[in-house]
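J.: Quick one: this structure, given as structure tokens, is what I'll be asking you about.
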Amino acid sequence: MSTPKKPYYITTPIYYVNAKPHIGTAYTTIAADTLARFMRLDGRDVKFLTGTDEHGQKVEQAALKQGVTPQKFVNDISQEFQKLNDLFEFTNDAFIKTTDAHHKKSAQALWMKLVENDQIYKSTYKGWYSVRDEQFYNEDEIVDGKAPNGTEVTWVEEPSYFFKLSKWADKLLELYENNPDFVAPQSRLNEIKSFVKGGLNDLCISRSSFKWGIPVPNDPDHVMYVWVDALPNYISNLGFPDENAEDFKRFWPEAIHILGKDIIRFHGVYWPALLMAAGLPLPKRLFAHGWWTNEGQKISKSLGNTIDPFEIVDEFGTDEVRYFLLSSVSFGRDADFSKDTLKTKVNADLANDLGNLVQRVLSFAHKHADGQIPLPGELTNTDKALLKKAAEMPAQVREHANVQALHKMCEAIWTIVGDANRYMDKEEPWALRKTDTKRMKTVLYVLADVIRHVAIVAQAIVPKAATKILDQLAIPEDQRDITSLDSPLQGGVDIPKPEGVFPRIT
Ligand code: ME8
């Protein structure tokens, strides 16, 4: 009997539907999709969740502004996110909407668990609220009448329910101490540690001045605070409130949340506190990535400089956008988006390095090796050294994937691409064609096998092009996962006439 596949659960934040998708939201989903694809290639049983966050004051206000009902408004914008997923062919196996009936039931069940565990009380909220951040702010956080990040705040005074968050500070600090990998990168862990050490107030978890939310159980005058409605999406998708649901038991302890650094407090402080208070297990890890600016400027609707992912893909292609976003910044840090840097990076790494390598090798084999991946002769030490490096690469990529080091995943693959180009220049199969065709065939075989390694792993990063390359190498579809690399490339196999995989961007 084969051993059962190890589960892997990866999530993106669910995106607010007050506005259409932009490059930032595409970025988070690209990152999660890359990890999901890699883990599937690596034999894991993967669940990958994304979706839309559809309640709250921000969404309600956006709908009112357009003069449509919130439900109609959220349906329309949620579709834009689904269109983006289709465009990129993201491999999420579920798309959750917080207006889904099963999610509402799940969020209310979490609330009831908190009630049963005496974690909720009713009082009055008096303080600041930022609709844009959907976040409460203490008086001492307000700077010049604004939230610390510069967003507008309004004074709110209304009857509310509170979660006894203050009681959980010690448990949270213990969690960070005992599981230093729970939050990454380290800078974000430090940030939330000092936030918790600074003292926690109880958290207001209901609103009573508008209606667009999940009703608080047994109190129809209140809707749940949008974050307490949204965070449980990660468990609704696994069958919660049925704690015996197969998916919940199997996938929840393996959960990895990918999110932007802007929402680390919600995921790293409130979410684990809510789960502990409800007596539920915690996810495995959170990774907070950095923010993109646009040509050096903060991206904001008011500045009118949002980047439309549909337009960028139209201009450059999905693989190109994926590769640029993944490879050009150490995952976790901020970065700047510019079309010029994208062009330079894509031309250098995709068109020149990988594209040319594949084109040079396959068109040469097609013309001068009987249209086949040739059978190899005896391997030299140089051949063996290159094949060994290629064979070791998937394990390196796995190590990086395990800690969400997406840029290093790219680097490990593209190092082999560089090695293969240098090998080809040194071995000169075009010269061998005249002097030693047997050796020429061996060189082509070695190169084809290195390309196979690269393309199999690169399916996680540039899925469309990698698939094309594997088609051109005539690799059968059931031999495109990482374990297939345990077997040598089969020589003596016909290949189709090669076509370019990465056109140069001019
Ligand atoms: O916060 N650069 O939704 P949201 C990089 N609904 N990433 C960016 C970005 C940028 N300039 N702008 C946005 C919410 N993002 C809540 C989440 S989860 C239970 C609820 C990404 O639509 C980043 O991942 O404001 C950020 O965390 C996410 O979009 C926020 O999306």
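J.: Residues being open to solvent by less than 80 Å² (accessible area, probe 1.4 Å), out of contact with any Pro (no Cβ under 9 Å at 6 or more places or on another chain) and more than 16 Å from the ligand (Cβ to nearest atom): count how many of those fall in the stretch 125-142.
T.: Within the stretch 125-142, the first condition is being open to solvent by less than 80 Å² (accessible area, probe 1.4 Å), and the residues that meet it are 125, 127-131, 133-138, 141-142.
Right, trim to out of contact with any Pro (no Cβ under 9 Å at 6 or more places or on another chain) and you get 127-131, 133-136, 138.
After this cut, where a residue has to be more than 16 Å from the ligand (Cβ to nearest atom) as well, the list is 127-128, 138.
So the answer is 3.
J.: Thr25 - would you say it is open to solvent by 10 Å² or more (accessible area, probe 1.4 Å), within 16 Å of the ligand (Cβ to nearest atom) and hydroxyl-bearing (Ser, Thr, Tyr)? Give the steps one after another, and end with the answer.
T.: Details: open to solvent by 10 Å² or more (accessible area, probe 1.4 Å): yes; within 16 Å of the ligand (Cβ to nearest atom): yes; hydroxyl-bearing (Ser, Thr, Tyr): yes.
The answer is yes for Thr25.
J.: For Lys6, only one of the following conditions fails: (1) open to solvent by 10 Å² or more (accessible area, probe 1.4 Å); (2) under 12 Å from the mean Cα position of the chain (by Cα). What is its number?
T.: Only one criterion is unmet by Lys6, namely (2).
J.: Of the residues Gln108, Gln82, which single one is open to solvent by 60 Å² or more (accessible area, probe 1.4 Å) and in a helix (DSSP H, G or I)? Steps first, answer last, please.
T.: On the way: Gln108 fails: open to solvent by 60 Å² or more (accessible area, probe 1.4 Å).
Answer to the check: Gln82.
J.: Identify the residue in the stretch 261-299 that is more than 9 Å from the ligand (Cβ to nearest atom) and among the small types (Gly, Ala, Ser) and, among all such residues, is surrounded by the fewest Cβ atoms within 10 Å (Cβ to Cβ).
T.: Among those that are more than 9 Å from the ligand (Cβ to nearest atom) and among the small types (Gly, Ala, Ser), it is Gly296.
J.: Among (1) farther than 28 Å from Phe316 by Cα; (2) in contact with an Asp or Glu (Cβ under 8 Å, 6 or more places away or on another chain); (3) open to solvent by 10 Å² or more (accessible area, probe 1.4 Å), which single condition is Asp336 missing?
T.: The failed condition is (1).
J.: Here is a further query. When Glu295 is evaluated against the numbered criteria (1) at pLDDT 95 or above; (2) on the phi > 0 side of the Ramachandran plot, which criterion, by number, is the only one it fails?
T.: The single condition Glu295 does not satisfy is (1).
J.: Within the stretch 1-46, track down each residue that is polar (S, T, N, Q) and either modelled with pLDDT under 95 or not in a helix (DSSP H, G or I) (or both).
T.: Those that are polar (S, T, N, Q) and either modelled with pLDDT under 95 or not in a helix (DSSP H, G or I) (or both): Ser2, Thr3, Thr11, Thr12, Asn18, Thr25.
J.: Quick check, is Ala460 among the small types (Gly, Ala, Ser) and in a helix (DSSP H, G or I)?
T.: Working: among the small types (Gly, Ala, Ser): yes; in a helix (DSSP H, G or I): no.
Judged against the criteria, Ala460 is not a match.
J.: Restricting attention to the stretch 424-436, which residues are over 19 Å from Asn356 (Cβ atoms) and touching a residue at least 60 places away in the same chain (Cβ under 8 Å)?
T.: none
J.: Can you tell me how many residues within the stretch 410-444 are within 35 Å of the chain's Cα centre (by Cα), open to solvent by 10 Å² or more (accessible area, probe 1.4 Å) and within 16 Å of Asn381 (Cα to Cα)?
T.: 3
J.: Here is a follow-up. In this structure, is Leu357 crowded, with 18+ Cβ neighbours inside 10 Å, more than 20 Å from the chain's Cα centre (by Cα) and within 22 Å of Arg480 (Cβ to Cβ)?
T.: Details: crowded, with 18+ Cβ neighbours inside 10 Å: yes; more than 20 Å from the chain's Cα centre (by Cα): yes; within 22 Å of Arg480 (Cβ to Cβ): yes.
So Leu357 passes the test.
J.: Separate question: Testing Leu64 on (1) within 11 Å of the ligand (Cβ to nearest atom); (2) aliphatic (A, V, I, L, M); (3) open to solvent by 30 Å² or more (accessible area, probe 1.4 Å), one condition comes back false. Which one is that?
T.: (1)
J.: Yes or no: Val346 surrounded by 20 or more Cβ atoms within 10 Å (Cβ to Cβ), in contact (Cβ under 8 Å) with a residue 12 or more places away in the chain and away from the ligand (no atom under 14 Å from the Cβ)?
T.: Criteria met by Val346.
The values are calculated or read from the model by the stated rules, or taken from the named source; none is laboratory data. Everything quoted here is computed from the prediction, not taken from an experiment. Here the Cβ is made from the backbone with ideal geometry for all residues, glycine too, and neighbour counts use every protein chain on show. Accessible surface areas use protein heavy atoms only, side chains included; no ligands, DNA or RNA. Shrake-Rupley method; radii C 1.70, N 1.55, O 1.52, S 1.80 Å.
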